[in-house]
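These notes concern the structure reproduced below.
The values are calculated or read from the model by the stated rules, or taken from the named source; none is laboratory data. Owing to the predicted nature of the structure, the values given are computational and were not obtained by experimental measurement. No Cβ is skipped: glycine too gets one built from the backbone with ideal geometry, and neighbour counts run over all protein chains shown. Quick note on the areas: whole protein, heavy atoms, side chains included, nothing else; ligands and nucleic acids left out. Shrake-Rupley method; radii C 1.70, N 1.55, O 1.52, S 1.80 Å.
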Amino acid sequence: MTGPGGGATAAIVGAGLSGSLLALFLARRGFRVEVFERRDDPRAGGKQDAEGRSINLGLSARGIRALRRAGLLGELWPHTVPMRGRFIHAPGGGTAFQPYGTAEHEILHSVRRDVLNATLVEAAETRAGVRFRFGLRCRDLDPETGTLTLTGEVTGETRQVTADLVVGADGAFSAVRRLMHRGRPAELRQECLEWGYKELTIPPAPGGGPRTPIEALHVWPAHRALIVAHPNTDDSLTGTLFLPHEGEGSFAEIRSGADAERFFDARFPGARELIPDLAGEYEANPVGSLVSVRTSPWSAAGRVVLVGDACHAVYPFYGQGMNASFEDCVVLDECLAAHPGDMGAALRAYEGLRRPHTDVLAELSARNFLELRDGLRSPARMLRARADLVLNRVFPRGWKPLYTMISHTTMPYGEALRRARRQDALLGAATAALAAGAALGGTWAARRARRTR
Ligand code: FAD
């Protein structure tokens, strides 16, 4: 896959999910790639996520396509657990299963972030010759010359690196984004959700095997609280408790392990039994924050560009942040191939192709938070979801639920939303016509009944 890189150099800031995948693509395209990461090597297996980032992630069609292109899917499969739908645990005690789709392949795959990250780094280094420098934090950037200033997290020593292409893959609070926009016309819309999250473990049952059906995403909706749990390959599940940061029933109010136990007894009695070390984990695990970022431009000086959360962090409620970040890597790689010798044109084309769609994803992700929080308990919503799936089964090509298009296809997000709106309008019109027909039928029947009396 060599090509437009032609021996050019690329410096990537961030060896997270998007940075390490893009490193692999760029190296195969002929770039000499160095990646600078402030944390330790994920392959060392230490505790990477002192900041409380999610332990596992739902991989879907867009991420799968990117990993297949990288040639890594085969070795990752054994580390994933299929999730065939949502297993809803109603507050009253009942359960309901909502399949993610109607076709066999329309499922998600739960994978541990550390396993995925280590696999990507290992593949980029050993198979594509990427050089990773851990423990180095990006402090400064001159976009015009492509010069990065980095300092050692432990040593404090400073070094400078110049590259033909500089990539900010450094996450939602990206330093590259800030430094790239400095002194230039730029926009940044950063919103923090008033809810945060904390991870809690549902271990395997004492006699072995899972404590709850494993091949599903488990969801416990409750008043001003939500738990979702992803399955792991060892039959445990990682639960994520979402709560408001402040106010009644918030992380600020529930301070101790004993408070957490009381809270679970009241709001999540079913989940309470599944988390034996609730008190200990609640006290030990950090509270993570949820941020959404929209920004422009995504590139500067024809040589600096952003990928992943650095340019479009979204709330995690559509399970698309990583999948969209992987899709960025595919599109950027294709744009570099399509514009050999003109990096500026390639970077502009990439932003033009991606930004309208990641803006749509940000809206959908915010909307899905409200749906997961309130709607999963609403019978009207469940009926609508069922109608969508039935129509999809009857017209598999013509009718696709929005969730199916987002998660199980690589149709651009904006196109998926447009198509879903057209379907909504059709369904609305059909329902109105049926209601009108029923009303007419009612009047006719009443008249007939009067006549025969
Ligand atoms: P990151 O993964 O944040 O990586 C950025 C890297 O840059 C980090 O390694 C960081 O240490 C490094 N870095 C930062 N600053 C510097 C600096 N100055 N110098 C050097 N290095 C630096 N997505 C899904 O698709 N499916 C899911 O199910 C899903 N679930 C989620 C659940 C939760 C609770 C959360 C919070 C997110 C979830 N996501 C999910 C989103 C996903 O985690 C992100 O979209 C993804 O991690 C983005 O990858 P990235 O490489 O762009 O950023």
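Things to note:
- Boolean, residue 145 is in a helix (DSSP H, G or I), of a type in the set (Val, Ile, Thr) and more than 10 Å from the ligand (Cβ to nearest atom): no
- Residue ID - farthest from residue 363 (Cα to Cα), chosen from residues in region 384-402 that are part of a loop (DSSP other than H, G, I, E, B) and open to solvent by less than 40 Å² (accessible area, probe 1.4 Å): 399
- Of all the listed residues (156, 171, 146), the sole one being open to solvent by less than 10 Å² (accessible area, probe 1.4 Å) and among the small types (Gly, Ala, Ser) is 146.
- Some residue of region 412-430 being at pLDDT below 85 and in contact with a strand residue (DSSP E or B) (Cβ under 9 Å, 6 or more places away or on another chain): no
- In region 77-106, residue nearest to residue 220 (Cα to Cα) [restricted to those that are hydrophobic (A, V, I, L, M, F, W, C) and touching an Asp or Glu at 6+ places or on another chain (Cβ under 8 Å)]: 83
- Here 205, 175 are screened, and the one residue that is at pLDDT 95 or above and in the same structural domain as residue 139 (by TED's automatic domain parsing) is 175.
- Checked against (1) within 11 Å of the ligand (Cβ to nearest atom); (2) open to solvent by 20 Å² or more (accessible area, probe 1.4 Å), residue 111 meets all criteria but (2).
- Take the conditions (1) more than 14 Å from the ligand (Cβ to nearest atom); (2) at positive phi; (3) modelled with pLDDT of 95 or more; residue 14 misses just one of them, which is (1).
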